[in-house]
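Laboratory data are not the source of any read-out in this text; all were calculated from the coordinates shown. Predicted, not measured: the structure shown is a model, and the values here were computed from it. Using ideal geometry, Cβ is built from the backbone for each residue, glycine included, and neighbour counts are taken over all protein chains shown.
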Ligand SMILES: Nc1nc2c(c(=O)[nH]1)N[C@H]1C(S)=C(S)[C@@H](COP(=O)(O)O)O[C@H]1N2
Ligand SMILES: [Mo]
């Protein structure tokens, strides 16, 4: 009779891998163990060629926009996480299939060789985790032991299932339609227990039972893990400051809840329905190469400065906080932000100007650039010349008066004015002084080497419910939104109704020279269907680019319109 081959193995492998996923997820919540499916995905995203990864991201962002699935930043992470689970499952299925094929060819015992295979896979999983997040693997030995045990268990279950299937031949219908009792035909493959009951189970029933059992483990693990951790829906166990190791004390409220914004009472009030001028911490977008943000222990963390310096040295968080702090309102945007997308936000950044730090870094004369790298393997290069020319280039340790949220780079990130987010490493751990320019992480993968933010303008609201009828002219509808051009500021915003002339909007005084500008146009409307279009001019007199360009390689351009029917 036929021994179980690749297909049965793939099926059993997939079932057991689903269960393993549940177990790993629960263990991650319990003891912070590594979640292999996400590590594997992050690792693949780093080692696959840039164009492949970029194509994947583009396709995903396009699909989200096209299908109108909601916030790109949120939905994209979810889509990636689902993909990561699918890849892990397919990997487990392939290994299961191959293991069954080999076991069935060789004959002999199944359990030991399969468990050994599992243990080997566990070691590989550990190495992948180390590569992805070398600095944040809490206790490497404990993590290795756990993965060895978990994957060996997975392998053992695979071998056990193989032995069972060998001992439980597929039931063949007899001519009279009844099923014959299964008989043990292959003594070599059986592990020798429970044959009495098993003899009555055919392979199909065994596989169905296995499916039920693994589904139970998967669901229980997922539930427990979700309950225990704080980066998925469920009870929140830590506050927004992530890392936890802050000197500010838990009672400290965000700065924005204790202070008015610097442009409070500005002459031009936002049109009703305009997005918040200051983005609440929890609503700021998040983009990075990690499925779950690295967790860095602030008390152990050090920033290492080396390379072309007199002497390598390190800075702790307290060392950096000892410098005179610098506060800046900053609008950050991702170069992958689609036109009018939500990968853009405005926060109050606090840190130390790089100009302050430079003298204490002991740079040698040959140093021309700084290579800034992060715990997740991300890196960017900043020219020392640019630092000397702009005191706003800074190392940032707080947003909104609180230690950086874990997802936004706790404990330290870089700010370079006028450039897209891809030039601003989060979770940094090392600054290396070098004597040449190099490509940064995304530049290496085909994106714009300079990544200067492009001018953009967006209509947030056509407030048809808030018509202005004050007798000082015709009734008007407030229209408003944002315009942004990096650190160049905005000098003019114009709105066009249908094919009419471009009309100037009013600009609200921005929070700073590096944030977006809220604009407002009180539109003396006429009933009917209309298309409103917006465009802007940056602070240096350059008009927003009207031609449509995709986000890759230099950031999206083009004008946005809104249709309204009155
Ligand atoms: N270490 C690290 N820093 C990073 C990234 C990353 O993947 N890893 N992504 C960059 C990109 S592409 C963007 S748009 C910004 C986003 O910052 P935010 O998540 O705080 O909004 O982080 C930047 N810094
Ligand atoms: Mo980005």
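Assorted remarks:
- Exposure proxy ranking, count of Cβ atoms within 10 Å, fewest first, for 386, 470: 470, 386
- On Cα atoms only, tilt of 140-167 relative to the major axis of the chain in degrees: 40 degrees
- Spatially, region 33-64 and region 530-547 are offset by 34 Å when compared through their Cα centroids.
- At the listed q of 0.15, 0.18 Å⁻¹, the Debye profile of region 246-361, built from one uniform point per Cα, gives log10 I(q)/I(0) equal to -1.00, -1.27.
- Helical content of the chain, expressed as a calculated mean residue ellipticity at 222 nm, amounts to -11000 deg cm²/dmol (DSSP H runs of 4 or more residues, -39,500 (n - 2.57) each, divided by residue number, nearest 500).
- Overall size of the chain from C-alpha positions, given as principal axis extents largest first: 94, 70, 44 Å.
- Packing-based order for 69-77, 145-153, using average beta carbon neighbours within 10 Å, highest first: 145-153, 69-77
- Using the average count of surrounding beta-carbon atoms within 10 Å as a protection proxy, the listed peptides 362-371, 330-339 rank, highest first, as 330-339, 362-371.
- Difference of contour (0.36 nm per residue) and Cα-Cα distance, residue 226 to residue 74: 53.0 nm
- DSSP beta bridge pairing in the chain, given as percent antiparallel to the nearest 5: 95 percent
- In terms of its alpha-carbon gyration tensor, region 307-423 comes out prolate; a/c meets the 1.5 threshold, and the first ratio a/b outweighs b/c.
- Sites residue 300 and residue 46, calculated FRET efficiency, Cβ-Cβ separation with R0 25 Å, nearest 0.05: 0.55
- Here region 308-343 is scanned for amide nitrogen atoms under 16 Å from the site 7 Å beyond the Cα of residue 258 along Cα-to-Cβ, giving 325-328.
- Simple spin-label estimate for residue 59 and residue 506 gives 4.9 nm between the two label positions (7 Å along the Cα-to-Cβ direction from each Cα).
- Cα centroids of region 69-110 and region 419-458: 33 Å apart.
- Helix 36-47 axis, angle to the chain major axis (alpha carbon atoms, nearest 10°): 60 degrees
- Global geometry of region 487-558, whether rounded, prolate or oblate, following the gyration tensor of its Cα atoms and the 1.5 cut on a/c: oblate
- Rounded Å value of the spacing that divides the Cα centres of region 344-384 and region 251-280: 29 Å
- Ranked for footprinting exposure by Cβ neighbours inside 10 Å, fewest first, 318, 429 give 318, 429.
- Principal-axis tilt of helix 111-132 within the chain, Cα atoms, nearest 10 degrees: 10 degrees
- The residues 420, 285, when put in order of fewest to most other Cβ atoms within 10 Å, stand as 285, 420.
- With the simple spin-label model, which puts each label point 7 Å out from Cα in the Cβ direction, the residue 439 to residue 321 separation comes to 4.0 nm.
- Distance in nm between pseudo-label sites at residue 366 and residue 67 (7 Å out along the Cβ direction from Cα): 5.3 nm
- Considering region 1-153, its Cα convex hull presents a mean projected area of 11.1 nm².
- Note on residue 266 and residue 86: with the Förster distance fixed at 41 Å, the Cβ-Cβ geometry gives a FRET efficiency of about 0.25.
- The packing ranking of peptides 59-68, 209-218, highest mean first, is 209-218, 59-68, where packing means the average number of other beta carbon atoms within 10 angstrom of each residue.
- Cα shape, region 86-127, gyration tensor, a/c 1.5 rule: oblate
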